[in-house]
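**Student:** The following block contains the structure, expressed as structure tokens.
The values are calculated or read from the model by the stated rules, or taken from the named source; none is laboratory data. Everything numeric in this text was worked out from a predicted model, so none of it was measured. We place every Cβ from the backbone using ideal geometry, glycine too, and count neighbours over all the protein chains shown. To get the accessible areas, we keep the full protein, side chains included, count just its heavy atoms, and leave off ligands, DNA and RNA. Shrake-Rupley method; radii C 1.70, N 1.55, O 1.52, S 1.80 Å.
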Amino acid sequence: MSENGSDARSFEIKVGLAEMMKGGVIMDVTTPEEAKIAEDAGAAAVMALERVPSDIRRDGGVARMCSIAVIEGIQKSVSVPVMAKVRIGHFSEARVLEALGVDFIDESEVLTPADEAHHVAKDDFRSPFVCGARDLGEALRRIAEGAAMIRTKGEAGSGNIVEAVRHLRQVNGDIRSLGALRSEELASRAKELGAPVGLVKKVASLGKLPVPNFAAGGIATPADAALCMSLGAEAVFVGSGIFKSADPEKRARAIVHATTHWQEPEEVLNASRGLGEAMEGLELDKLDESERLANRGW
Amino acid sequence: MAQPDVGILAIQGDFEAHGRALAQLGARARPVLRSHEIAQLDALVLPGGESTTIAKGIARLGLGDALRAFADSGRPVLGTCAGAILLAKRAESPGTAHEPPPTLGVLDAVAQRNAYGTQVDSFAATVDGDAARGLEGLRCVFIRAPILAELGPGVEVLARVEGRPVLLREGNVMAATFHPELTDDGRVHALLLTG
């Protein structure tokens, strides 16, 4: 007998798909052909977008949801889940993706924000959402809104792993530090974090987020993926890192291999051989604060 | 078996959730990625995840023979969702041009992938009243689930939802199109351990 979707139960279904992506690599793709290359290389899902983050960064202008024709083409070309990005706060773009049957919606700082004060009320949707976070407070604010997966923001399109590492360490360090607190201290910590007390207490008792916690933003090599997995990420997103490299097919397979075998340095070594040039990287201290995508959203 | 040694294929997917479910039943559960590890196990789980991704990993790591040999040895095997697809004799992707992944062919059934639709069609449901003894009222979570069809004569249906088989057994091989590892009900994993 099918159940009518109460909020708690529909949340369980959303988190269920996020669980299925664990240990996998989610790859940014801009065409059905790229999506097929990603799937053939072993991607656990693909993320449809118009331009990869490094091109958005280079070209400027307003970055919006991907065109429908591209998303539909990608849905036809692959059987792995298809994700797509919407602008922060743009719930109408999200409704369009939901109607299109997109499997996961990324409310993403990589696109130009549509609302500087409000994120999408994600509980109202049947589609699951993933959101970026730099620390535990931000992660829990997104989960409170209904996000079924959290990823680090990192610094998308930079080819520089430093921000993803910072955000992973921050979120996981914040979680570990809750373990030392008494109940009333958790309440004041919740206030400092700007997160609901109930969720803070839940995280303290679980010792982890109540949804999967993935890494994103700056992953360019197999060793970058292995580093994120070692720091507690449960899967990785790779944006510009694959299709802006010299040999996308080979690099995609290599990052998949390193994500499965992150605990085996010889395997990460094997995956790292003969890949050709990685994408060009950015030194982040040369970036103006206003150019940092991670500063979008709260 | 006092404390059976259960391996969970850890290429990709929710293998940790299976580990937790098995640990609660007192089994020693560990992730496996190598043929020699698989050969030593008392029981094997193929988890949920992406069947295409896991099938590519099986090919890349050359695990197909070890997995088939394990199933042929008569020791218990459980596949859930993507894992069930991989156990089947063949996978199909009805209504699409998607190329289905190669399967192990140790369960006499055909897996129709994503048969209920995309994620917005994922759902939870309770098994029909004709479930096998001990499985009454089992609640099942279906995520982009397959349907198992064209069941061979040796395949026993342990549970159905709305008339469709969701939990099957053929000898030592058991397949669930849902995710018993995502709920707190340990009855399906207990069946793997006790037969």
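**Student:** Report the label-to-label distance for A:E289 and A:E266 in nanometres (one decimal), using points 7 Å from each Cα along the Cα→Cβ vector.
**Tutor:** 5.0
**Student:** Keeping all protein chains in place and using 1.4 angstrom, which order do A:I175, A:I37 fall into by accessible surface area, from largest down?
**Tutor:** The residues order as A:I37, A:I175, largest area first.
**Student:** Please compute the per residue accessible area over chain B with all protein chains in place, 1.4 Å probe, rounded to a whole number of Å².
**Tutor:** Ligands and nucleic acids excluded, the figure is 37 Å² per residue.
**Student:** According to the square roots a ≥ b ≥ c of the eigenvalues of the Cα gyration tensor, what is the shape class of the range A:162-254, taking rounded for a/c under 1.5, prolate for a/b larger than b/c otherwise, and oblate for the remainder?
**Tutor:** Cα axes put the range A:162-254 in the prolate bin.
**Student:** Per residue of the range B:79-91, in order, report the coupling 6.51 cos²θ - 1.76 cosθ + 1.60 (Karplus, θ = phi - 60°) as ³J(HN,Hα) in whole Hz, putting x for Gly and Pro.
**Tutor:** x, 10, 6, 4, x, 5, 4, 5, 6, 5, 6, 6, 10
**Student:** If the elastic network links every pair of Cα atoms under 10 Å, which of A:H257, A:H90, A:H118 fluctuates the most in the Gaussian network model of chain A?
**Tutor:** A:H118
**Student:** Let me ask you something else. Tell me what chain A gives for mean residue ellipticity at 222 nm when only DSSP H runs of n ≥ 4 count, each as -39,500 (n - 2.57), the sum divided by the residue total, rounded to 500 deg cm²/dmol.
**Tutor:** For chain A, the value works out to -13000 deg cm²/dmol.
**Student:** Right, another one. Within the protein assembly as shown, what whole-number % of the accessible surface is contributed by carbon and sulfur, with the 1.4 Å probe and all protein chains included in the calculation?
**Tutor:** Carbon with sulfur: 50 percent of the solvent-accessible area.
**Student:** Continuing with the same structure: Would you mind telling me which residue in A:G23, A:G146, A:G179 has the biggest mean-square fluctuation in a Gaussian network model of chain A, where springs connect alpha carbons within a distance under 10 angstrom?
**Tutor:** Greatest mean-square fluctuation among the candidates belongs to A:G179.
**Student:** Taking θ = phi - 60°, what integer Hz values does the Karplus form 6.51 cos²θ - 1.76 cosθ + 1.60 yield along the range A:245-252, in sequence order, with x for Gly and Pro?
**Tutor:** Taking θ as phi minus 60°, the curve returns 9, 5, 9, x, 4, 5, 5, 4 Hz for the range A:245-252.
**Student:** While we're here: Take A:T112 and B:D42, extend 7 Å from each Cα along the Cα→Cβ direction, and tell me the distance between the two endpoints in nm.
**Tutor:** 6.2
**Student:** Starting from the Cα gyration tensor of the range B:1-113, take the square roots of the eigenvalues, sort them a ≥ b ≥ c, and report rounded, prolate or oblate (rounded when a/c is under 1.5, otherwise prolate if a/b is larger than b/c, else oblate).
**Tutor:** prolate
**Student:** Report ³J(HN,Hα) in whole Hz for each residue of the range A:107-112, in order, from the Karplus equation J = 6.51 cos²θ - 1.76 cosθ + 1.60 where θ = phi - 60°; Gly and Pro get x.
**Tutor:** Taking θ as phi minus 60°, the curve returns 7, 10, 5, 5, 8, 6 Hz for the range A:107-112.
**Student:** Taking amide H positions as placed 1.01 Å from N in the peptide plane, with prolines and chain starts having none, which residues 5 or more places from A:G23, or on another chain, fall under 5 Å of its amide H?
**Tutor:** Amide H neighbours of A:G23, under 5 Å, 5+ apart: A:A235, B:G13.
**Student:** Can I ask one more? Using alpha carbon centroids, what distance separates the range A:67-95 and the range B:121-135, in Å?
**Tutor:** Between the Cα centres of the range A:67-95 and the range B:121-135 lies a distance of 33 Å.
**Student:** Continuing with the same structure: Modelled label-to-label distance, B:Y116 and A:V62, 7 Å Cα→beta-carbon offset: nm?
**Tutor:** Roughly 3.9 nm, to one decimal.
**Student:** Given the DSSP H assignment, sum -39500 (n - 2.57) over each helix run of at least 4 residues in chain B and divide by its residue total; what's the result at 222 nm in deg cm²/dmol, nearest 500?
**Tutor:** -7000 deg cm²/dmol
**Student:** Shifting gears a bit: With N set to the residue count of chain A, report its C-alpha Rg divided by 2.2 N^0.38 Å to two decimal places.
**Tutor:** 0.95
**Student:** May I ask you to work out the translational diffusion coefficient for the range A:227-298 at 20 °C, viscosity 1.002 mPa s, via Stokes-Einstein with Rh from the Kirkwood sum over Cα pairs, reported in whole µm²/s?
**Tutor:** It comes out at roughly 153 µm²/s.
**Student:** Averaging over every viewing direction, what projected area does the convex hull of the Cα atoms of the range B:5-194 cover, in nm²?
**Tutor:** Hull-based average projected area comes out at 9.7 nm².
**Student:** Quick check: from the Cα gyration tensor, does the range B:81-180 come out rounded (a/c under 1.5), prolate or oblate?
**Tutor:** oblate
**Student:** So, in Å, what gap is there between the alpha-carbon centers of the range B:1-44 and the range B:154-180?
**Tutor:** 20
**Student:** Would you please give the residues with an amide H less than 5 Å from that of A:A133, counting only those at least 5 places away or on a separate chain, with H modeled from the backbone geometry?
**Tutor:** A:R151, A:T152, A:K153
**Student:** To continue, here is another question. Expected output is a single nm value to one decimal: the length gained when fully extending between B:R164 and B:D5, i.e. 0.36 nm times separation in residues minus the C-alpha distance. What is it?
**Tutor:** So the extension gain works out to 54.0 nm.
**Student:** Show the residues, 5+ positions off or on another chain, whose built amide H is closer than 5 Å to the amide H of A:G157.
**Tutor:** Correct list: A:S54, A:G218, A:S240.
**Student:** Treating only the Cα positions of the range B:1-48 as identical point scatterers, give the base-10 log of I(q)/I(0) from the Debye formula at each q in 0.16 Å⁻¹.
**Tutor:** -0.36
**Student:** When chain B is modelled as a GNM with alpha-carbon springs shorter than 10 Å, which of B:P180, B:P102, B:P153 fluctuates the most?
**Tutor:** Of the options given, B:P153 has the highest mean-square fluctuation.
**Student:** Another one. Mind counting lysine pairs for me in chain A? Cα separation below 17 Å, and the two need to be 8 or more apart along the chain or on different chains.
**Tutor:** Total qualifying Lys-Lys pairs in chain A comes to 11.
**Student:** So, with +1 on the Cβ of K and R and -1 on the Cβ of D and E, and no other charges, what is the size of the charge dipole of the range B:5-194 about its Cα centre, to the nearest 20 debye?
**Tutor:** Here the range B:5-194 has a charge dipole of around 300 debye.
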